[in-house]
């Protein structure tokens, strides 16, 4: 676990280097559409923290509506959602109200305002010298102790797959503790992979066709 992903100064949060898997997610306090929140308020459960380039834009609108419709599925994974852009709180409120009025979709998760771009820069969503809000579509899966477990970045022109984000959270939860790993395209109920043996004796105990690719049925339904 690395705690050196960012530092705080009186002028705001700045990134010491790009954040990586295994870093502690930089904490912050900010206004959101659900009131003032601190990132560490979400400790104790999984969190999908994601940025979008701007309110009142088509791709972002499609993402937010899809995420809103999937909230119950994230909840079943004990995973909260938290959005962010550099738009003001009032722009956020107006955009979410417009989505509800025009499309009948209520956005139930909080949306952080970051007009100073401090949080965006601390997380590497914006270049340190950027003067506008041209953020990437960054997504961070943060575990219950506040550690970044996965990072997914999309360009401004390409919307994220909510199904893949759900699959990612599910796979992280299933493989947590390293007792098993999840192969390509894994979904709940599919075979999982045993960790590669680290001794010759353990290698010889493998009963499958190949010692470095040893699958088994996934019988764990507790996660």
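Inspect region 184-202 for any residue being modelled with pLDDT under 90 and closer than 25 Å to residue 27 by Cβ and give the result as yes or no. No, region 184-202 has no match at all. If the condition is being farther than 21 Å from residue 45 by Cα, modelled with pLDDT under 95 and either exposed (fewer than 14 other Cβ atoms within 10 Å of the Cβ) or within 13 Å of the chain's Cα centre (by Cα) (or both), then region 154-182 contributes 154, 155, 157, 158. Could you grab me the full set of residues in region 137-167 that are under 11 Å from residue 23 (Cα atoms) and not assigned by TED's automatic domain parsing to the domain that holds residue 58? None; the set is empty. Check region 142-153 and report whether any residue there is in a loop (DSSP other than H, G, I, E, B), touching a strand residue (DSSP E or B) at 6+ places or on another chain (Cβ under 7 Å) and surrounded by fewer than 17 Cβ atoms within 10 Å (Cβ to Cβ). Yes: region 142-153 contains one or more residues that are in a loop (DSSP other than H, G, I, E, B), touching a strand residue (DSSP E or B) at 6+ places or on another chain (Cβ under 7 Å) and surrounded by fewer than 17 Cβ atoms within 10 Å (Cβ to Cβ). Of all the criteria given as (1) farther than 24 Å from residue 161 by Cα; (2) in contact with a helix residue (DSSP H, G or I) (Cβ under 7 Å, 6 or more places away or on another chain), the one not satisfied by residue 94 is (2).
The set of residues from region 164-179 being part of a loop (DSSP other than H, G, I, E, B) and either in contact (Cβ under 8 Å) with a residue 12 or more places away in the chain or in contact with a helix residue (DSSP H, G or I) (Cβ under 8 Å, 6 or more places away or on another chain) (or both) comprises 176, 178, 179.
The residues of region 50-101 that are part of a loop (DSSP other than H, G, I, E, B) and either crowded, with 21+ Cβ neighbours inside 10 Å or touching a strand residue (DSSP E or B) at 6+ places or on another chain (Cβ under 8 Å) (or both), listed by number, are 52, 53, 54, 55, 77, 78, 86, 87, 88. Looking across region 4-28, the residues that are loosely packed, with under 13 Cβ neighbours inside 10 Å and either at pLDDT 50 or above or within 18 Å of the chain's Cα centre (by Cα) (or both) come down to 16, 17, 18, 20, 21, 22.
The values are calculated or read from the model by the stated rules, or taken from the named source; none is laboratory data. Being a predicted model, the structure only gives us computed values, none of them experimental. Note that each Cβ is placed from the backbone with ideal geometry, even for glycine, and that neighbours are counted across all protein chains shown.
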